[in-house]
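Here, each number is a calculation from the coordinates, and none is a lab measurement. Predicted model only: the values in this text are computed from it and were never measured. Here the Cβ positions follow ideal geometry from the backbone for every residue, glycine too, while neighbour counts run over all protein chains shown.
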Amino acid sequence: MDRRRLLRGAAAAAAAGVPLTTARAWAAGSPGPERATARDTARARADVDHPGALWMPATPDNYTEAERPSGYRVDFVVVHVTQETFADTVAIFRDPARAVSAHYVVRSADGQIAQCVRERNIGWHAGNWDYNTRSIGIEHEGWIDRPAYFTGALYEKSAALTAAICDRYAIPRDRAHIIGHQEVPGSTHADPGPHWDWERYLRLVSAS
């Protein structure tokens with residue numbers, strides 16, 4: 001990889017909410033302690049954090065290795081809508097030029113969950129480094145202006161996932177801690193948008 005491409009990657013990482021000093025170190029060729037290792041990726045293939053999820057890993061270039069919750073407290077779940085298909089979202093997370101990832105992606109048709117980043121690691125999903133370190137990001141297949149993508153299966157499987165995450169990290173099951181991407185400070189995104197049924201979602205989370 002040439003220096004120009006490395007510098008572009010560092011700029012993209014910084015835009016994704018990665019500290020600029022870290023992004024510059026990567027551009028200079030320093031792996032640093034934040035980079036996920038091949039051994040970590042191989043180990044993660046053996047299991048997932050959420051039963052029933054498919055392991056569809058993001059490239060290690062698109063997330064930060066950590067040891068949460070000991071290294072960083074986890075106290076938010078951030079709800080996203082992909083603005084892409086399920087398959088394309090997973091492909092984007094595998095592309096090191098995109099500098100983005102979330103921990104999970106939920107498929108519209110049947111609620112199938114893919115895990116792309118281990119929960120102990122920091123996904124680049126919120127566009128705010130502090131919130132990245134403190135949250136689990138869940139992407140939902142669909143578009144914010146196409147409510148038909150928000151199926152019963154998607155709501156139910158995602159709500160069960162969110163409830164399990166809340167239990168693991170003692171996160172209150174409320175709207176102060178289960179938030180939309182648009183609610184992250186400094187966010188320029190509008191997801192999950194006006195058609196996301198928060199009342200229904202929180203009811204399902206509470207019942208899970």
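Only one residue of 150, 206, 138 has its Cα farthest out toward the positive end of the dipole of segment 37-207, where Lys and Arg carry +1 and Asp and Glu -1 on Cβ, and that residue is 206.
In this simple spin-label model, placing a label point 7 Å from the Cα along the Cα-to-Cβ direction at both residue 84 and residue 177 gives a separation of 3.0 nm. Taking every DSSP beta bridge that has both ends in segment 37-207, the antiparallel portion is near 30%. For the peptides 128-138, 114-124, the ranking by mean Cβ contacts within 10 Å, running from highest to lowest, is 114-124, 128-138. Highest mean packing first, where packing is the average number of other Cβ atoms within 10 Å per residue, the peptides 149-160, 97-108 line up as 97-108, 149-160.
With bins 10 Å wide beginning at 0, the percent of Cα pairs of segment 37-207 falling in each bin runs 11, 43, 38, 7, 0. With charges only on Cβ, +1 for K and R and -1 for D and E, what is the dipole size of segment 135-195 about its Cα centre, in debye, rounded to 20? That gives segment 135-195 a dipole magnitude of about 140 debye.
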